[in-house]
1. Using DSSP, restrict attention to beta bridges with both residues in the chain and report what percent are antiparallel, rounded to the nearest 5.
2. Taking amide H positions as placed 1.01 Å from N in the peptide plane, with prolines and chain starts having none, which residues 5 or more places from Leu267, or on another chain, fall under 5 Å of its amide H?
3. Run the accessible area of the chain with a 1.4 Å probe and give the carbon-and-sulfur part as a rounded percent.
4. Compute the distance in nm between two label points, each set 7 Å from the Cα along the Cα-to-Cβ direction, one at Ala90 and one at Ser271.
5. Under Stokes-Einstein, with the Kirkwood radius over Cα pairs standing in for Rh, what whole-number D in µm²/s applies to region 67-204 at 10 °C and 1.306 mPa s?
6. I need the calculated FRET efficiency for the pair Ile38 and Glu186, taking r as the beta carbon distance and R₀ as 35 Å, to the nearest 0.05.
7. With the radius of gyration and the Kirkwood radius both derived from the Cα set of region 1-119, what is their ratio Rg to Rh?
8. If you plug each phi of region 29-36 into the Karplus form 6.51 cos²θ - 1.76 cosθ + 1.60 with θ = phi - 60°, what whole-Hz ³J(HN,Hα) values come out, in order, with x for Gly and Pro?
Amino acid sequence: MTAEAAAIPRAMTAVIAEAPGGAEVLTRVQRDVPRPAIGEVLISVAAAGINRPDIMQRSGALPAPAGTSDIFGLEVAGRIVACGDTVDAALIGTEVMALVKAGGYATHVCARADHCLPVPAGLSLVEAAALPEGLFTIWHNLFDRGALRSGETLLIEGGASGIGTLALQLAKAVGASVIATAGGAEKCARLAAMGVSAVDYREPGQDERILELTEGRGVDVVLDILGGEAVNRHLALMAPGGRHVGLSFMTGATASIDLGLLMRKGLWLTSSTLRPKPDAEKADIARSIVRHLLPHIGAAGVRPVISAILPLTQAAEAHRLLESGTNFGKIVLQLAEETQP
């Protein structure tokens with residue numbers, strides 16, 4: 001028996017919601033430590049990322065898929081302490097970051113081995129925990145479906161978010177130019193310091209400013225979190241052959257589309273969500289991330305922007321902070337102090 005396996009406790013602390021509602025419904029509970037199934041690993045969690053779908057699940061707007069744990073959390077980083085059947089036991093002791101269907105707000109969680117990613121050199125486990133959801137989303141939506149290429153211009157709505165600050169760095173790393181929107185002069189100044197053109201959406205004339213920045217041509221790809229009537233606005237800001245990628249619909253789930261404009265410019269509308277995707281498709285995405293995105297991360301230059309690090313006991317406060325919209329970058333729960341192997 002390895003030292004990691006010998007140290008696995010029988011019970012763990014986890015965070016669930018007592019009922020749909022505000023952040024106050026989050027509560028800590030004791031649960032049995034799960035056992036990894038075929039193809040899975042058990043991770044001793046060092047840190048877990050906070051994501052917008054967590055907020056939607058807690059409020060009842062987007063319940064967890066049937067059959068998944070009621071424990072919150074979609075991404076973690078930590079150390080593998082046990083392996084299920086078909087997984088190489090040599091992985092025990094390895095530090096990884098992982099996308100999980102649920103269960104991340106806990107001291108232990110099971111993840112599919114093929115949904116785990118190596119921690120890039122130069123990153124702490126807290127930083128690593130801020131990456132999986134963003135990396136899976138960005139690769140699948142921005143680089144695969146959105147086909148962003150070197151020399152193109154990307155517009156990111158909500159550039160100060162965790163996913164926005166990561167996407168803009170990766171877009172720049174592959175040679176694209178980036179325009180990012182944010183609310184307020186302070187956030188825009190921080191985005192500008194990251195090497196992008198920042199546009200304050202609270203100020204009038206944002207669309208004119210975006211067209212000015214592209215010398216009237218428009219943007220090639222839009223990474224959109226707004227939905228609603230913003231979609232039609234974006235179509236007018238796009239260059240011929242542009243791709244509009246919807247990540248969420250914070251201002252509305254329906255949109256009035258000018259189909260004539262869509263046809264004249266030859267634009268593409270696409271959207272996708274990760275959680276319900278088949279495991280095999282997520283594994284394919286993981287392999288693409290390792291090949292195409294991880295070489296840019298950590299010592300290579302791209303790092304997650306961390307807005308706040310809170311203990312598991314303050315999960316409710318972490319949700320409130322994300323809902324407030326005051327964060328710049330990612331909010332992370334730290335569950336354990338990092339130790340050297």
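The values are calculated or read from the model by the stated rules, or taken from the named source; none is laboratory data. Because the structure is predicted, anything quoted here is derived from the model rather than measured. No Cβ is skipped: glycine too gets one built from the backbone with ideal geometry, and neighbour counts run over all protein chains shown. Side chains included, ligands, DNA and RNA excluded: accessible areas come from the protein's heavy atoms. Shrake-Rupley method; radii C 1.70, N 1.55, O 1.52, S 1.80 Å.
1. DSSP beta bridges in the chain are roughly 55 percent antiparallel.
2. Gly241
3. 53 percent
4. Modelled inter-label distance: 4.5 nm.
5. On the way: Rh = 16.7 Å.
Once the numbers are plugged in, D ends up at 95 µm²/s.
6. Working: r = 49 Å, r/R0 = 1.41.
My answer for the efficiency is 0.10.
7. On the way: Rg = 14.2 Å, Rh = 14.5 Å.
In region 1-119, Rg relative to Rh is 0.98.
8. These are the phi-based 3J(HN,Hα) values: 9, 9, 9, 5, 5, x, 9, x Hz.
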